[in-house]
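Reviewing the structure listed below.
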Amino acid sequence: PFDFTFVLSMIQSVKLIDIFTVFCVAFLFTGLRSLMTRFVSVPLANALQVAAEHRPKWPESVWKLLIYSGLWLQSLYVVVLCGKYDFLQNPLDIFKDCVFGDAQLKQAVPSDIYWMYMLQLGFYVHSIIGTLYMDMWRKDSVMMLLHHGLTIFLLEFSFLVRYHKIGALVLLLHDLSDILLEFTKVQVYLKDRAKQQWQLNEWMANIGFVIFSISWAWFRLYWYPLKVLYTSTWGIYIHHRHNDHKLVLFFNCMLIALQMLHIYWFYFIILLLIRVATGRQSEIEDTREFEEETTKNANNGRPHDD
């Protein structure tokens, strides 16, 4: 049942230092992206003679390729390589030592997982800024904003109620696909440069997209429900069937909503595969983008023609 007193206690447990840290990370990422665009991405595009139609999208993909790689390597180290946790191997035990009730808000979050959360929360706050004011506007940009907002809420909620272990597993399962997607986009932009076609980059784009599609299906459509959704439902039940599970149903609704977004975006992946396989499209490109070049108006948030 809904416990208003517990929700109030959860809200009151928010620490100003954590909010300050998240926004510092967000502004740091935003500043780093601006500097990287000016001093790295744009000069690199000039040196490689990237085609003019790809120039507006190039800095975004280079930045995301770098930042997603860093965040995923951190998640991989914390969850798998450091040897402290077995979330991936034995997900049903994630809630084994979990404390429910009023005491769960007072559980300590390990420092390595704490910084995973701070960096990821800061990144998604930055991503909202980026989607609104820095990225090109796409057909699913509204869904991207919804995704970022849901992710921030889910991360913060899981952090406050101390479901941080399963949150760490969710983070591990997500970022690898994003790395592969941005790698593929970079190769797409590189295959048409210096006024000629580069076959190597086209091959790498095709291979990258195939691996990306497989990783999305494996990590987000198979492992996510198998290791996360199954654990957040059955894992809690087998270890704490007689306990008062504070807001577990609500938490699971958020996790399921995230899975619905996974399925929504997989539709675009399948759409592109079908178009290429049937010959209606000869090369890999981002099916989410408008056919005409559009950019974001930084003042009103609506797309306009270049």
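Rule-based calculations on the coordinates, nothing more; no lab input. Predicted model, so just to flag it, every value in this text is computed and none were measured. In this analysis, Cβ positions are derived from the backbone assuming ideal geometry, glycine residues included, and neighbour counts consider all displayed protein chains.
Give me the angle, in degrees from 0 to 90, between the Cα long axis of helix 248-277 and the longest principal axis of the Cα atoms of the chain, rounded to the nearest 10. On a 0 to 90 degree scale, this one is about 20. If the chain linking Gln196 and Ile128 were pulled fully straight, counting 0.36 nm for each residue of separation and taking away their Cα-Cα distance, it would gain 20.9 nm. Any idea what angle helix 111-133 forms with the longest principal axis of the chain, computed on alpha-carbon atoms, 0 to 90 degrees, nearest 10? Between the helix axis and the principal axis of the chain, the angle is about 40 degrees. Summed over qualifying helices (DSSP H, 4 residues or more, each -39500 (n - 2.57)) and divided by its residue number, the chain shows a 222 nm mean residue ellipticity of -19500 deg cm²/dmol.
Relative contact order of the range 165-239, taken over Cα pairs closer than 8 Å and 6 or more residues apart, is 38 percent. With the simple model of a label 7 Å out from the Cα in the direction of the Cβ, Phe23 to Ala47 spans 3.8 nm. Across the range 73-113, the residues whose backbone nitrogen lies under 11 Å from the label position 7 Å along the beta-carbon direction of Ser9 are 100-107. Taking a straight line from the alpha carbon of Lys57, these lysines sit under 28 Å away, with near neighbours fewer than eight places off in the same chain left out: Lys139, Lys185, Lys191, Lys195, Lys296. Packing, taken as the mean count of other beta carbons within 10 Å per residue, orders the peptides 105-111, 88-94 from highest to lowest as 88-94, 105-111. Helix 58-76 and the long axis of the chain differ in direction by around 30°, with both axes built from C-alpha atoms.
The value of relative contact order for the chain, using C-alpha pairs under 8 Å at least six residues apart, is 26 percent.
Relative contact order, whole percent, for the range 10-93 stands at 16, derived from Cα pairs under 8 Å and 6 or more residues apart.
Across the range 15-21, computed HN-Hα scalar couplings (Karplus, 6.51 cos²θ - 1.76 cosθ + 1.60, θ = phi - 60°) run 9, 4, 5, 5, 4, 4, 4 Hz from first to last residue, x flagging Gly and Pro. Taking amide H positions as modeled 1.01 Å from N, with prolines and chain starts lacking one, the residues under 5 Å from Arg193 and 5 or more places away or on another chain are Trp198. Quotient of the Cα radius of gyration of the range 1-140 and 2.2 N^0.38 Å, N being its number of residues: 1.37. Between Ser34 and Val99, the contour length at 0.36 nm per residue exceeds the alpha carbon distance by 19.1 nm. Phi angles across the range 203-218 convert, under the Karplus curve 6.51 cos²θ - 1.76 cosθ + 1.60 with θ = phi - 60°, into 3J(HN,Hα) values of 4, 5, 5, 5, 5, x, 5, 4, 5, 4, 4, 5, 5, 4, 5, 6 Hz, Gly and Pro given as x. The coefficient of translational diffusion for the chain, derived via Stokes-Einstein from the alpha carbon Kirkwood radius under 20 °C and 1.002 mPa s, stands at 103 µm²/s.
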